[in-house]
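Chemist: The structure follows.
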Amino acid sequence: MKFSLGMRTTLAAVILMLALPHSVSAQVPARFYWKNLVGGSAVPVIYMDMSGNTNPMDPASFVVPESSFEASVALGGYAKTFTLFDRSALVAALLPVGRISGGASLFGRDFTESTNGFGDPTLEFVINVLGPPAIKNIPQAMRYEPGFSLDLLVDLIVPVGEYDNDKLLNMGQNRWYGRVAAPIVWQIGSWVPGRRTTLEVLPSIWLFDDNDDFLGHNLSTDPKFQVEAHLTRDFHEHLWGSVDINWMGGGKSSLEGMDGEDLDMVGVGFTLGYQINENIQLTAGYLASVSDNDPTDLQMDVFKVSLVFGWHPLVEGMKRLGGE
């Protein structure tokens with residue numbers, strides 16, 4: 001018995017669902033919240049190159065006018081799907097490591113800095129609240145179609161990364177923060193590999209504790225609102241792409257009485273994904289801000305490549321029975 005296209009698609013969807021490169025750039029990849037067999041696992045290896053006028057490691061996006069920052073970051077993590085109340089659920093952890101450099105002026109001081117090390121780890125929990133029930137076996141996976149699916153997502157970022165209170169740039173942020181979100185997947189048309197189309201929307205709210213030692217001052221940030229959208233389409237059974245839009249608003253930062261401005265950023269980009277084999281998925285994407293004419297506007301460019309290895313005990317068993 002050969003390992004069929006259906007089985008390949010099943011494991012590919014597990015890999016897509018467990019790709020994790022979103023905590024640093026605050027941009028969730030397309031097709032992240034597709035559902036498939038519970039009990040799957042994945043390990044991602046991700047590289048991101050980022051630049052702009054805010055610390056790329058800080059989702060608060062605290063803008064320093066006339067500044068310029070660059071970051072090269074690698075990420076590794078682990079994710080696991082399971083069943084909770086007969087709904088599909090996911091837990092994941094991700095740890096960034098990398099280097100930031102740049103220059104800015106603040107409090108009458110000129111900063112030209114670089115730093116490297118580990119950032120703050122992200123813990124994530126997701127559960128489906130509307131849509132098909134959890135997929136527990138191969139026949140259910142083969143018949144699955146998302147239709148209209150709605151999840152509840154909670155992220156928590158733990159402040160244990162590298163931090164120096166004398167530096168403007170740090171890998172860690174010295175404060176707790178996180179978000180609550182509602183990922184939506186809307187199937188458009190048939191659910192046949194090579195012809196699948198989805199509209200995916202992720203509204204979220206970010207909440208931040210204060211950093212009470214930012215260059216010797218207190219940095220506070222109002223709640224930040226974010227909406228991400230992806231229109232995705234299969235080009236082939238193993239190749240897909242998406243057009244991506246990202247909007248951020250609110251999130252005004254205050255630094256010892258100096259109030260910043262509310263964010264109002266629109267970013268556009270694209271993503272391409274390719275299934276190398278039954279266990280490995282390659283994804284590449286680019287996102288850039290387009291509403292950044294004023295010095296106080298958020299400016300951001302992000303290039304991202306991820307290689308994700310995913311597996312499921314049931315699917316691996318079917319492969320062995322099929323002689324592959």
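Chemist: Pull up the range 197-211, narrow it to residues that are of a type outside the set (D, E) and either surrounded by fewer than 22 Cβ atoms within 10 Å (Cβ to Cβ) or without any contact (Cβ under 8 Å) to a residue 40 or more places away in the chain (or both), then point me to the one that is farthest from T54 (Cα to Cα).
Modeler: Once the filter is applied, the top-ranked residue is T197.
Chemist: If you go through the range 214-226, how many residues are surrounded by 15 or more Cβ atoms within 10 Å (Cβ to Cβ) and either among the charged types (D, E, K, R) or more than 26 Å from D166 (Cβ to Cβ) (or both)?
Modeler: Total satisfying the criteria: 4.
Chemist: How many residues are buried (at least 19 other Cβ atoms within 10 Å of the Cβ) and either under 28 Å from A229 (Cβ atoms) or of a type in the set (D, E) (or both) if we restrict to the range 164-177?
Modeler: Residues in the range 164-177 being buried (at least 19 other Cβ atoms within 10 Å of the Cβ) and either under 28 Å from A229 (Cβ atoms) or of a type in the set (D, E) (or both): 2 in total.
Chemist: Residues of the range 146-163 being under 21 Å from L90 (Cα atoms) and buried (at least 16 other Cβ atoms within 10 Å of the Cβ), which ones?
Modeler: Initially, the range 146-163 is screened for residues under 21 Å from L90 (Cα atoms), giving 146-158.
Result: P146, S149, D151, L152, L153, D155, I157.
Chemist: Taking G117, is it in a strand (DSSP E or B), at positive phi and within 22 Å of the chain's Cα centre (by Cα)?
Modeler: Yes: the conditions hold for G117.
Chemist: Output the strands (runs of 3 or more DSSP E) that fall wholly within the range 242-323 and possess 1 or more residues being surrounded by 15 or more Cβ atoms within 10 Å (Cβ to Cβ) and free of Cβ contacts under 8 Å to residues at least 24 places away in the same chain, or say none.
Modeler: Output list reads 280-289.
Chemist: Identify, from the list A71, A141, the residue that is crowded, with 21+ Cβ neighbours inside 10 Å, part of a helix (DSSP H, G or I) and of a type outside the set (S, T, N, Q).
Modeler: A141
Chemist: All but one of (1) surrounded by fewer than 16 Cβ atoms within 10 Å (Cβ to Cβ); (2) in a strand (DSSP E or B); (3) touching a residue at least 40 places away in the same chain (Cβ under 8 Å); (4) not β-branched (V, I, T) hold for F125; state the number of the condition that does not hold.
Modeler: (3)
Chemist: Next question, about the same structure. Condition first: touching a residue at least 40 places away in the same chain (Cβ under 8 Å) and within 19 Å of the chain's Cα centre (by Cα). Now tell me which residues in the range 212-234 satisfy that.
Modeler: K224, Q226, E228, H230, T232
Chemist: Give me a count of the residues in the range 211-228 that are aliphatic (A, V, I, L, M) and either part of a loop (DSSP other than H, G, I, E, B) or closer than 30 Å to E278 by Cβ (or both).
Modeler: The total comes to 1.
Chemist: Continuing with this model, one more query. Could you pull out the residue among L156, L207, L169, L199 that is aliphatic (A, V, I, L, M) and farther than 26 Å from I245 by Cα?
Modeler: Working: L156 fails: farther than 26 Å from I245 by Cα; L207 fails: farther than 26 Å from I245 by Cα; L199 fails: farther than 26 Å from I245 by Cα.
Of the residues listed, the single one that is aliphatic (A, V, I, L, M) and farther than 26 Å from I245 by Cα is L169.
Chemist: I'd like the full set of residues that are assigned to a strand (DSSP E or B) and either among the polar types (S, T, N, Q) or in contact with a Pro (Cβ under 8 Å, 6 or more places away or on another chain) (or both), limited to the range 80-95.
Modeler: Hits for the range 80-95 are T81, T83, R87, S88, A93, L94, L95.
Chemist: Mind listing just one residue for me: the one in the range 52-89 that is at pLDDT 90 or above and of a type in the set (S, T, N, Q) and, of those, nearest to F111 (Cα to Cα)?
Modeler: Only one residue fits best here, namely S72.
Chemist: Among the residues of the range 5-15, is any modelled with pLDDT under 85, crowded, with 17+ Cβ neighbours inside 10 Å, more than 20 Å from E237 (Cβ to Cβ) and among the charged types (D, E, K, R)?
Modeler: No - not one qualifying residue is present in the range 5-15.
Chemist: Going by what's in this entry, would L156 be described as in a strand (DSSP E or B), closer than 20 Å to L75 by Cα and touching a strand residue (DSSP E or B) at 6+ places or on another chain (Cβ under 9 Å)?
Modeler: The answer is yes for L156.
Chemist: Which fully enclosed strands (runs of 3 or more DSSP E) of the range 159-210 have 3 or more residues being among the polar types (S, T, N, Q)?
Modeler: It comes to 197-208.
Chemist: Of the conditions (1) part of a strand (DSSP E or B); (2) surrounded by 14 or more Cβ atoms within 10 Å (Cβ to Cβ), T112 satisfies every one except a single condition; which number is it?
Modeler: (2)
Chemist: So, in the range 235-258, exactly how many residues are under 22 Å from T54 (Cβ atoms) and touching a strand residue (DSSP E or B) at 6+ places or on another chain (Cβ under 8 Å)? Please lay out each step first, then the result.
Modeler: Narrowing the range 235-258 to residues under 22 Å from T54 (Cβ atoms): 244-258.
From the residues that got through so far, the ones that are touching a strand residue (DSSP E or B) at 6+ places or on another chain (Cβ under 8 Å) too are 244-256.
Selection size over the range 235-258: 13.
The values are calculated or read from the model by the stated rules, or taken from the named source; none is laboratory data. Everything numeric in this text was worked out from a predicted model, so none of it was measured. Here Cβ is always computed from backbone atoms with ideal geometry, including for glycine, and neighbour counts include all displayed protein chains.
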